[in-house]
Amino acid sequence: MRMLARMSGVGLVLAALAADVLAASEIRSVRLWRAPDNTRLVFDLSGPVQHSVFTLAAPNRIVIDVSGGQMSTKLDQLSLSNTPITGIRSAQRSPNELRLVLDLSAVVTPKSFSLAPNQQYGHRLVVDLFDQESAAPSTPQAPQVTQPAAGVTPPPVVAVPGSAPAKLPVAPGAKRDIVIAIDAGHGGEDPGALGPGRKLYEKNVTLAIAKELQRQINAEKGFRGELVRTGDYFIPLRKRTEIARKKGADLFVSIHADAAPRAAAFGASVYALSERGATSETARWLADAENQSDLIGGAGNVSLDDKDRMLAGVLLDLSMTASLSSSLNVGQKVLSNMGHITPLHKRRVEQAGFMVLKSPDIPSILVETGFISNPNEAKKLSTSRHQQALARSITAGVRQFFHQNPPPGTLIAVLRDQGKITAGPREHVVTSGESLALIAQRYQVSLSSLRSANALKSDTIKVGQTLSIPATALAGQP
Ligand SMILES: [Zn+2]
């Protein structure tokens, strides 16, 4: 707590400065978002404030003291259902001290921070209440009757490196589904791009398309769709790829809708991560706008961990090329299918440095479904008919890619081996630094068969070129 009123010489100066900065910031509105594991409260302010947060037990409460704060909104209109908050009260303790009290039905861990104004909002005070682990929905427990005999240690759990996708356990003999992680861009505090008249929010369009895409993917034999975001709440970009990895994703698809300063801009595009930053100015501009999400949601400097970044750098070198080739391949298939139902902004998969695509081991694409800033496209994007058509074209591209390139151990791989799925040969999209010999080695095919499958007269290949990978006796062997 700051001693603003202390009447020492230094204190007087501080008090004068503080009074200047903190003079009567009003809390103008309060917003609330419920995520699966936390509740976010956002207080919209007329200016910056100092604050402190502490918890009280029996009964559980959280107290937020706001220096220089004044209440100028009602708190009783917030919907608290499905949150641990049972009530919010406020009291003006002095002209310069506002106290907010949250009554709670469960113990939570609070985190709070201030956010500076951005394009959409002014000064904000954000209070995140994280549910405690024990309060999470009960997971099935191992039966307690079958205690291991004394001295018998249970079989060790195989350690999965933090970076590798944690494939979900599958019963012996059963073939697993191909898992598509579907990421609805933005959410909660971060509305994303706004449609004409600020009526249509990108976050709502992306969630609607994502849910439809999940429904369609689940209807595909051998596929399972997993939503990264299931409701209207904010998830930091790095957390999104983390969630995809936990769900054992074979592919990460991030759904967005563009905005551009020029209202006439239109068309859908698909992005994959670039090897070295953005490949075009448009791509660069977009990458910046999409990456802003973390700054808007306030995760910017909280989620970045230096060790993480170093590890990510190493992993990136090791496995990026392989997954980038797949990203470009699946991206191109999605783009061609989208071209049947909506105009395209660019005919080729673009590459940019989107943070959300930086999952070195999971092929990842970002689909811009159209320009929400264009009145015609905004109108289309808001209809379930167009959302379904977009989802159908993404599903078709994903299906084509995995029917041609099924991960080993999946039902689709088995069906393909049994000739029950007829798809073209496996494909590889050439990325920079690759040679024909290297690609032959990776797919365990001979250089000569690779040459003849692609009718190559020399071993010179171009970045972005799609190669057919022939099936050989070697394929499928251990
Ligand atoms: Zn977006």
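The values are calculated or read from the model by the stated rules, or taken from the named source; none is laboratory data. Keep in mind the model is a prediction, meaning the values are calculated, not measured. Glycine also receives a Cβ, built like all others from the backbone with ideal geometry; neighbour counts cover every protein chain displayed. The protein model used for the area step is the full one, side chains on, heavy atoms only, and it has no ligands, DNA or RNA in it. Shrake-Rupley method; radii C 1.70, N 1.55, O 1.52, S 1.80 Å.
Of all residues in the range 257-272, how many are open to solvent by less than 10 Å² (accessible area, probe 1.4 Å) and at negative phi?
Matching residues across the range 257-272 total 8.
Here is a check on your reading of the model: is residue 108 under 21 Å from residue 233 (Cβ atoms) and open to solvent by less than 30 Å² (accessible area, probe 1.4 Å)?
Spelling it out, residue 108 is indeed under 21 Å from residue 233 (Cβ atoms) and open to solvent by less than 30 Å² (accessible area, probe 1.4 Å).
Between 5, 15, which is small (Gly, Ala, Ser), in a loop (DSSP other than H, G, I, E, B) and at pLDDT below 50?
It is 5.
Among the candidates 202, 97, single out the residue that is within 30 Å of residue 369 (Cα to Cα), modelled with pLDDT of 50 or more and open to solvent by less than 60 Å² (accessible area, probe 1.4 Å).
Residue meeting the stated conditions: 202.
Return the only residue of 244, 249, 210 being part of a helix (DSSP H, G or I), surrounded by 20 or more Cβ atoms within 10 Å (Cβ to Cβ) and away from the ligand (no atom under 16 Å from the Cβ).
244
Among 167, 175, which is the only one that is of a type outside the set (S, T, N, Q) and either modelled with pLDDT of 50 or more or open to solvent by less than 70 Å² (accessible area, probe 1.4 Å) (or both)?
175
With respect to residue 393, determine if the residue is over 27 Å from residue 181 (Cβ atoms) and either of a type outside the set (Phe, Trp, Tyr) or buried (at least 19 other Cβ atoms within 10 Å of the Cβ) (or both).
The answer is no for residue 393.
Residues 190, 183: which one is of a type outside the set (A, V, I, L, M), more than 16 Å from residue 363 (Cα to Cα) and in contact with a helix residue (DSSP H, G or I) (Cβ under 7 Å, 6 or more places away or on another chain)?
Criteria check complete, one pass: 190.
Please determine, by comparing only the residues of the range 185-199 that are within 13 Å of the ligand (Cβ to nearest atom) and surrounded by fewer than 22 Cβ atoms within 10 Å (Cβ to Cβ), which one is farthest from the chain's Cα centre (by Cα).
Among those residues, the one meeting the criterion is 194.
Filter the range 65-88 down to the residues that are over 19 Å from residue 25 (Cβ atoms) and assigned to a strand (DSSP E or B), then identify the one that is most open to solvent (accessible area, probe 1.4 Å).
Checking each candidate, the answer is 86.
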